[in-house]
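Shown next, in structure tokens, is the structure this report addresses.
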Amino acid sequence: MRLLIVEDDDIVADAITRGLAAADYSVLWVTSAEAAQAALVNEEFAMAVIDVGLPGADGLTLVRRLRSAGKTMPTLILTARCTLTDKVKALDLGADDFLSKPFEAAELAARCRALMRRSYGASSGIIKLNRMSVDLLGKRLCIDDAEVELTAREWLVLECLVRRIGLIVSKERLQQAVANPDHDITANAVEVHISRLRAKLGSAAVVRSLRGLGYRLEEAKPA
Ligand code: CA
């Protein structure tokens, strides 16, 4: 499948297209949100790279439109300025990752590869990280081939983090993931589940706290 690039600047778009072509990806380049939506009517894309500053609707509006139209492909946002507020807004709208301009073509290709690998893992049901294997359908966590017992809520937190491994997951998103109709979950309760999950993961993976943004699950470095 092709990658969709939405960027109105010829020079940047040319650099992106060359960089991805060098990494053996084929690309469709469009210059506006409207053109991107038109392309998505006829074709499925493996992922989309979307610039924030576009003529007409901006990149974040495009992400919101795609998500509300039920498009789940990974999206990477390109932005000239990436403040904390911009990142929170983009995550809330359903973006998966960010890259600040200027960037190296190799960095962009690496981020695209990671996003597509994650989305493949999520669709195939098993996500393998160094010492850890997460079976999303069977709801099993194994570390060093031994099964680790989790409570239902710890599992929901882990599932949410592992589906976005390497990316930031907001505290609100985790709150929503573990809430049920009978129980509202507070932000503090999310912290409690995170700390219990950390204890169970031990050195197999790191759940990093990012102040004001949320949490990120990271693979432990190979021993
Ligand atoms: Ca632009």
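Scanning region 18-35 for residues being more than 13 Å from the ligand (Cβ to nearest atom) and either aliphatic (A, V, I, L, M) or surrounded by 20 or more Cβ atoms within 10 Å (Cβ to Cβ) (or both) gives a total of 7. When both residues are 6+ apart or on different chains and their Cβ atoms are under 9 Å apart, which pairs have a first residue that lies in region 185-208 and is part of a strand (DSSP E or B), and a second that is modelled with pLDDT of 90 or more and of a type in the set (Val, Ile, Thr)? Every condition considered, the pairs that remain are 205/143; 207/157; 207/194. Scanning region 44-71 for residues that are open to solvent by 40 Å² or more (accessible area, probe 1.4 Å) and either within 15 Å of the ligand (Cβ to nearest atom) or at pLDDT 90 or above (or both) yields 53, 55, 56, 58, 64, 65.
Screening region 96-120 for residues that are within 21 Å of residue 2 (Cα to Cα) and within 16 Å of the ligand (Cβ to nearest atom) and picking the one that is most open to solvent (accessible area, probe 1.4 Å) gives 98. Taken residue by residue, region 121-130 has at least one member that is surrounded by 14 or more Cβ atoms within 10 Å (Cβ to Cβ) and assigned to a loop (DSSP other than H, G, I, E, B). Restricting attention to region 72-87, the residues that are under 16 Å from the mean Cα position of the chain (by Cα) and open to solvent by 50 Å² or more (accessible area, probe 1.4 Å) add up to 2.
Here 112, 142, 160 are screened, and the one residue that is within 15 Å of the chain's Cα centre (by Cα) and more than 21 Å from residue 48 (Cα to Cα) is 160.
The values are calculated or read from the model by the stated rules, or taken from the named source; none is laboratory data. Given the structure is predicted, the values throughout are model-derived calculations rather than measurements. Heads up, the Cβs are rebuilt from the backbone with ideal geometry, glycines too, and the neighbour counts pull from every protein chain shown. All accessible areas refer to the heavy atoms of the entire protein, side chains included, with ligands and DNA or RNA removed. Shrake-Rupley method; radii C 1.70, N 1.55, O 1.52, S 1.80 Å.
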